[in-house]
């Protein structure tokens, strides 16, 4: 949750709420949390860390925490947008990589941790993102932290969207630069801050935005932000974690969607969304990438991404480039689901594969979560303090592999759950009035 109350920020945790005002030592606070977590589990008040027993797909098998039995659920909580995590071509590339390279590598990229697959992946990512060069990290978090902590000096100023990801904030802390936020997607405020920055800093000015914001699924208006940064001489950094592989005519990302690839200086992305695995990358000029290889500590001091992961991403790139039907299917599914939700009375007009369902203030989100679970719908609930208490929601992640029958089932269950909790609210109000 961000300071100005906008949704999307992830730099605020449950720890801040439970321990606010408590002066506990190390043993006391860890015991406090352990007790709290165990109490939640004992009373069946948590659906976190459900055990998945099958490959990532539109339908998964889980170990049901209610019954202890295996059961099947429709998956609407995965960022595997294109459904590629279990694609046969990806599996083949991984098996070939295992035969040639094994499963691990045991060293950092600059020493013994760089294979032909890593080089091929970086070359293809640079082309995919219309940049001179790219480098891959072991995680998306590491990519964001390494990029921001290495590129920004204490003399620089970073202007960033108020809904920026936690990893971006952590990178800023490590880099020691002065930072200021602007209201979410507020281009006018950004322009004001850029004008004021001329007298506020002796160094460079960076602007950080995300292509797709994960809580609401809305897009940064790059068609306005990119030319503004170019005009004001600011360095534009784009976190395109949820846009890469999903947006643009060929899935090249949010900058391609707006046609501003040449005006974005640095692009960061992850492999844990449309690519269905783990890892991250930064793409930019050759000079920036060369610099990051030696100064991004999360790259320099981390073990290299396993070759099998590089092979899986390469397999996904093959599919994205050769089989546009996955991207078209994702967009068709998103439109179909949005039409169905509007018929149910939800005000949704998704710009990405993320569709938030805003919960009424009266809804008990945890009870509603269990109602979805028991009806076989795997859906993520986003609770306070991840978002403000009046902006709690369920977050639907659409996949290309969902069938129309899957989407119809989701719509039916949403209608049922909303009816149950609306009725409960009416009964509570009636009982209160009678008393």
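Report yes if some residue within segment 53-75 is at pLDDT below 85 and surrounded by 13 or more Cβ atoms within 10 Å (Cβ to Cβ); otherwise report no.
yes
In segment 100-121, what residues are under 16 Å from residue 296 (Cα atoms) and touching a helix residue (DSSP H, G or I) at 6+ places or on another chain (Cβ under 8 Å)?
108, 109, 110
Given the criterion surrounded by 13 or more Cβ atoms within 10 Å (Cβ to Cβ), without any contact (Cβ under 8 Å) to a residue 24 or more places away in the chain, under 27 Å from the mean Cα position of the chain (by Cα) and not assigned by TED's automatic domain parsing to the domain that holds residue 382, identify the matching residue among 93, 40.
40
Please work out which one of (1) crowded, with 19+ Cβ neighbours inside 10 Å; (2) in contact with a helix residue (DSSP H, G or I) (Cβ under 9 Å, 6 or more places away or on another chain); (3) assigned to a loop (DSSP other than H, G, I, E, B) is the condition residue 163 fails and give its number.
Checking residue 163 against (1) crowded, with 19+ Cβ neighbours inside 10 Å; (2) in contact with a helix residue (DSSP H, G or I) (Cβ under 9 Å, 6 or more places away or on another chain); (3) assigned to a loop (DSSP other than H, G, I, E, B), the one that fails is (2).
I'm checking my understanding of the structure. Among residues of segment 134-160 that are farther than 22 Å from residue 272 by Cβ and part of a strand (DSSP E or B), which one is farthest from the chain's Cα centre (by Cα)? I'd like the intermediate steps shown before the answer.
Initially, segment 134-160 is screened for residues farther than 22 Å from residue 272 by Cβ, giving 151-159.
Next cut, part of a strand (DSSP E or B) only: 157-159.
Working: 157: 25, 158: 21, 159: 20 Å.
Filtering first and then ranking leaves 157.
The rows are residues; the columns are (1) in the same structural domain as residue 289 (by TED's automatic domain parsing); (2) touching a helix residue (DSSP H, G or I) at 6+ places or on another chain (Cβ under 6 Å); (3) crowded, with 20+ Cβ neighbours inside 10 Å.
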site	(1), (2), (3)
145	yes, yes, yes
151	yes, no, yes
177	yes, no, yes
183	yes, yes, no
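Looking at segment 191-229, which of its residues are crowded, with 24+ Cβ neighbours inside 10 Å, within 23 Å of the chain's Cα centre (by Cα) and part of a helix (DSSP H, G or I)?
222, 225, 226
The values are calculated or read from the model by the stated rules, or taken from the named source; none is laboratory data. Because the structure is predicted, anything quoted here is derived from the model rather than measured. No Cβ is skipped: glycine too gets one built from the backbone with ideal geometry, and neighbour counts run over all protein chains shown.
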